[in-house]
Amino acid sequence: MLGKTAGGLYWMFRYLERAENTARLVDAGFRIALTHSSVAADEWKSIVSTTGENASFRQRHERYTSENVVDFLLRDISHPYSVMSMIEAARMNARLVRTALTREVWEATNECCMALRTTLGEQIADRDLPRALQTIRQQSALVRGALHGTMLRNDIFNFARIGTYIERAESTARILDVKYYVLLPSISHVGSSLDNVQWETILRSVSAATAYRQVHGSQPRARTIADFLIFSRQLPRSLIFSRARIAANLAHLAKDYGMDTASNDFSRTVNTRLDALHIDDVFDHGLHEFLQDFIQENNTLGARIEQDYRFNG
Amino acid sequence: MSDRVYFFDEMGGDGSGRRAPYAEYGAWLDGEDVQRLHRVSQEAEAFFRRTGITFNVYGEPGATERLIPFDVVPRIITAREWDRLVKGIDQRVRALNAFLHDIYHRQEIIRAGRIPADLIAGNEAYLPEMAGFSPPGDIYTHIVGVDLVRTGPDEFFVLEDNARTPSGVSYMLENRETMLQLFPELFSRIPVRQVQKYPAMLRRGLAASAPGIAAPDPVVAVLTPGIHNSAYYEHSFLADQMGVELVEGHDLRVVDGRVAMRTTQGYTPIDVLYRRVDDAFLDPLTFNPKSMLGVPGIMDIYRAGGITIANAPGTGIADDKAIYSYMPEIVEFYTGEPARLKNVETYRCSEPGSLAYVLENLSDLVVKEVHGSGGYGMLVGPAASKSELAAFEAKLRAKPGNYIAQPTLALSTVPILAEQGLSPRHVDLRPYVIVSPQGIDVTPGGLTRVALREGSLVVNSSQGGGTKDTWVLED
């Protein structure tokens, strides 16, 4: 496979994943804005912070109203990380790697883009937001379905999955990091129940509110939420789960190519370290510091993969 | 215009009833409701959008990806008509390759006085770098599109030879795919010859043209200028259908005397490059030094037998419009028999007598730039206004050698589905030819381009043309 194609696949699926995550964040913010109007502005602000795009938001808007945030995160095409911009970027990459995709995956991506151009083409009123978010969810599920249902499990698939999980790991880490203070023992004592609003945003942002209840019951606790999002091997958006999937795909590539790489080596090293950790260690070390380190490692891993597999030359 | 001139309609003939090739289709059509056809026609558009069959329009930043309008009424050709065309095309394509070999070697045709020497010497499409070099199998133009027009039941003319990088073959294939989806019943009712084998034939033909150094299963790749090129869809479609890599210049470099592509596992040599990049951009070391689209050093590797470039650099000399006017002589010179396919009568404005005639009769003629393509920079006399004629006359006088002129042909028509129902429009036909050491293969079908505007004779997609599926019937 061409290095450029591997890079195109990796980025196509990073963009798709990030678009989906952004839509999920908007969904979480919207729920809270609806039910807790007093904290709405703060929640919207923390959601924009999670995407890391506060500065560019401030360039465009003064206040963190639901209207402004929704517009900025979903449909502003002058903002490169809005859902619409990322879906366009994903489609552009899909055109670039068209020969590596099945017709089904290409058509699902193309249709996803066409559908969102319609849905996100005009300002979205609050009452239409759930439907718009539903469309984004559905359309990206169709792309994922086509990927899983029609693609060979070869290097093409590996690069697509690696892109997905690198993005997902970063996204979950960011969600936790923006809210890390509410999970700290000093504010909410170990074992005490969290402020409803805060934990709801966190869990909703990773589509894990129901999953959490199934595993840990209805009483959310700071430590168990952090533990769940970092160390759960069942939760498909946890840090350890994403890392394990990246490792598995890198291992598959190494075997397929008969060639071990620095990135594969790096991935093994950081995973061994993560596997050995316990949630107590994380809190002892400092949750924020742990997450910062994790994000840093994740970036390094991405950059090494890019280099090892010659995405750019 | 249509009041005065008689046009041959391929479905209706002279008006006395449907022509035989359309009998079965017509019977089906009679049972159809125009409303349903319109509905299905809209489905076709949705199908094209979903599939992403688009072309990019230059200079239109807003809507860069556009659809070429597709008409649901097929153009039908009988087995007998087709066999005649294939014989003519085969002969013509053999002559084109022989001509190219001769021009880049001994130039016997010039020595024999059959074409003037300055036709070659002063021509930009002639590449001195190719002189004395013989590509594998002496094949210069592996992929050819021969543009044909029809004026009567048995009157076919070659309008143009496309020997450099003929485009549109993806439309031939996707149009058929669309028709199969929209009207499956027609294909069980009418025996239409298949076009779907084209990508496999192309890959086989390209592989068979690999240089001696290649492994038994040669590595083929398609070279595209990139995602912003107007024909990018076609490039990626062909690579996908052939199951080969689609590369750009920056994926390639010279490694150990071969042109190699950067893969996830290192550099892999390419044996045959089907390039959709023009000569001038192919190698910045040899041609345009500013080109970012090509591969520095590829020409040296090519001449050393390290790669096959299809079509060969310098094939443009064979489809130049000034050369076109000599095609009857060229065909006869190399094949020893008169050309089976007729040329359109052509006036070379470089010749004083012809220029005088052309200026005198400008409003009845079609005038084309010698090196132009895509319907740009041409004058359709009968459709031009007084001021357009005057402006063109000035251009002609300033640079007569830049132009040729042809009579306005009474292009045949085939009905399209217009708002009120079926209505005749002018068409041309581009069959696709693959040349390899194993022989010449003409895919039974081709691209029918149709001028959608009533009365218009310009079928180019860049000028408001559409396409139709082209059916060649089984015997």
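Where does chain B land at 222 nm, in deg cm²/dmol rounded to the nearest 500, when only DSSP H runs of n ≥ 4 count, each adding -39500 (n - 2.57), divided by all residues?
Helix contribution divided over all residues of chain B: -9000 deg cm²/dmol.
Cβ under 15 Å from B:H235's Cβ, B:H235 left aside: what net charge do those residues give with Lys, Arg +1 and Asp, Glu -1?
Cβ neighbours under 15 Å give a net charge of -1.
Taking K and R as +1 and D and E as -1, what net charge do the other residues with C-beta under 10 Å from the C-beta of A:A244 add up to?
Combined, the nearby Lys, Arg, Asp and Glu give +2.
State to the nearest 20 debye the size of the charge dipole of the range B:394-475 about its Cα centre, where the only charges are +1 on K and R beta carbons and -1 on D and E beta carbons.
Dipole about the Cα centre, nearest 20: 700 debye.
Starting from the Kirkwood radius over alpha-carbon pairs of the range B:189-261, derive D by Stokes-Einstein at 20 °C in a medium of 1.002 mPa s and give it in µm² s⁻¹.
Reported coefficient: 153 µm²/s.
What's the percent breakdown of Cα-Cα distances in the range B:340-394 across 10 Å bins, shortest bin first?
22, 54, 22, 2
Within a Cβ distance under 13 Å of B:Q196, other residues only, what is the Lys/Arg minus Asp/Glu net charge?
Cβ neighbours under 13 Å give a net charge of 0.
Work out the length of the dipole vector of the range B:196-296 about its Cα centre, built from +1 on the beta-carbon of each Lys and Arg and -1 on the beta-carbon of each Asp and Glu, and round it to the nearest 20 debye.
Magnitude of the dipole: close to 100 debye.
For a footprinting-style exposure proxy, rank B:R276, A:R204, B:R18, A:R168 by other Cβ within 10 Å, fewest first.
So the residues, fewest neighbours to most, are B:R18, A:R204, B:R276, A:R168.
What order do you get for B:K290, B:K395 when you list them from fewest to most C-beta neighbours inside 10 Å?
B:K290, B:K395
Could you tell me whether the range A:246-313 comes out rounded, prolate or oblate from its Cα gyration tensor? Rule is a ≥ b ≥ c as square roots of the eigenvalues, rounded for a/c under 1.5, then prolate if a/b exceeds b/c, otherwise oblate.
Oblate shape, in that a/c is at least 1.5 and b/c is the bigger or equal ratio.
If each of A:E62 and A:T272 carries a label point 7 Å out from its Cα toward its Cβ, how far apart are those two points in nm?
The modelled label-to-label distance comes out at 5.7 nm.
Which of the GluC sites (Glu not before Pro) across the range A:45-76 are loop residues per DSSP, with 11 or fewer other Cβ within 10 Å?
Qualifying residues, ordered by number: A:E62.
Dipole magnitude of the range A:254-313 about its Cα centre, charges +1 at Lys/Arg Cβ and -1 at Asp/Glu Cβ only, in debye to the nearest 20?
Here the range A:254-313 has a charge dipole of around 340 debye.
For the range A:79-150 and the range B:250-305, what is the separation of their Cα centres, given in Å?
35
First check a/c for chain B, with a ≥ b ≥ c the square roots of the eigenvalues of its C-alpha gyration tensor; if it is under 1.5, answer rounded, and if not, answer prolate when a/b is larger than b/c or oblate otherwise.
oblate
Hey, could you pull the Cα Rg and Dmax for chain A, both in Å?
In Å, with Rg to one decimal and Dmax whole: 19.4, 58.
With r as the distance between the Cβ atoms of A:E104 and B:K197 and R0 = 30 Å, compute the FRET efficiency 1/(1 + (r/R0)^6) and round to 0.05.
Approximately 0.85, to the nearest 0.05.
Sort out for me the Cα centre separation of the range B:95-166 from the range B:402-468, rounded to whole Å.
Value for the Cα centre distance between the two parts: 22 Å.
Under the rule that an exposed site lies in a DSSP loop and has at most 16 other Cβ atoms within 10 Å, name the longest stretch of chain B with no GluC sites (Glu not before Pro) of that kind, not counting the sites themselves.
Free of exposed loop sites, the longest segment is B:125-344.
In nanometres, what is the gap between the two model label sites at B:E419 and B:K386, each 7 Å from Cα along Cα-to-Cβ?
The modelled label-to-label distance comes out at 3.2 nm.
If neighbour count is taken as other Cβ atoms inside 10 Å, put B:S188, A:S232 in order from fewest to most.
Taking fewest neighbouring Cβ atoms as first place, the list is B:S188, A:S232.
Just so you know, all these numbers are worked out from the coordinates, no wet-lab data involved. Keep in mind that what you see is a predicted model, and the values were worked out from it rather than measured. Don't worry about glycine lacking a Cβ; one is built from the backbone with ideal geometry, like all the others, and counts go over all protein chains shown.
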